[in-house]
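The values are calculated or read from the model by the stated rules, or taken from the named source; none is laboratory data. Since the model is a prediction, treat every value here as computed from it, not as a measurement. Positions of Cβ are backbone-derived with ideal geometry, glycine not excepted, and every protein chain shown enters the neighbour counts. When the accessible area is computed, the model is the full protein with side chains, heavy atoms only, and any ligands, DNA or RNA have been set aside. Shrake-Rupley method; radii C 1.70, N 1.55, O 1.52, S 1.80 Å.
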Amino acid sequence: MQDLLERLAEILSQQLDLYNKLLLNLSDQRCTLPTGNTEDIHEILTQQENLTLELKALEEARLPLMEKLSQHLQEPTKQLTLMKLAKMVEEPFSSKYKKLSTQVKNITQQIDDRNQDNKYLTDNSLDLINTSLRLFATCNPFGYNDQDLLHFKGKASKFQTTA
């Protein structure tokens, strides 16, 4: 059982490292979104996707360990939290799991907060873009009407075929 406990602590530590990287990435995203630089935004989103895939792989490794531990401890898997596990195991794992549980809770709350901030920023940016597009469409700054645009398109295609 000690091997399971050590492996679980190792996986949780790796997950915490990735959560911290994700939090930094979300902070970068918050700074990058207002600039509108699509290449930088794409790079940040690609990094987020990679971090998410790594986290998913670690989670898939963690779940079978939790199932094995729940069998050893005769506790239903769905009810076995890190804090509950910390109360059921001896030192040094007890204090390690309490600390990991607190850290996971804190970092996931920070990530959630940063996601909400970025969502607000993104939503406001989209609203501004939509308002600008509606304003642009109603102003018709070039003085074209639908007939002019159709006429222009026809000439452009006619010009292309004769050239």
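Structure values in brief
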quantity	calculated
Fluctuation leader among Ala61, Ala86, Ala137 - the chain, Gaussian network, Cα springs under 10 angstrom	Ala137
The chain, accessible surface, carbon-and-sulfur percent (1.4 angstrom probe)	54
Within the chain, helix-based [θ] at 222 nm, where runs of 4 or more DSSP H residues each add -39,500 (n - 2.57), nearest 500	-30500 deg cm²/dmol
Size of electric dipole in the chain: Cβ of Lys, Arg +1 and of Asp, Glu -1, about Cα centre, debye, nearest 20	300
Solvent accessible area, Å² - Glu90, 1.4 Å probe, full protein context	150
In degrees, nearest ten, helix 38-73 long axis to first principal axis of the chain (Cα)	30
Angle in degrees between helix 146-162 and the longest Cα principal axis of the chain, rounded to the nearest 10	90
Entries in Lys98/Lys119; Lys84/Lys119; Lys21/Lys119; Lys56/Lys99; Lys21/Lys96; Lys21/Lys78 that, when Cα-Cα distance is taken, lie over 24 Å	Lys98/Lys119; Lys84/Lys119; Lys21/Lys78
q = 0.12, 0.18, 0.20, 0.22 Å⁻¹: log10 I(q)/I(0) that the Debye formula gives for the stretch 70-138, counting C-alpha atoms only	-0.55, -0.78, -0.85, -0.92
Reported label for calculated log10 I(q)/I(0) by the Debye sum over Cα atoms at q = 0.10, 0.12 Å⁻¹ given [x] -0.43, -0.57; [y] -0.59, -0.72; [z] -0.38, -0.55	[y]
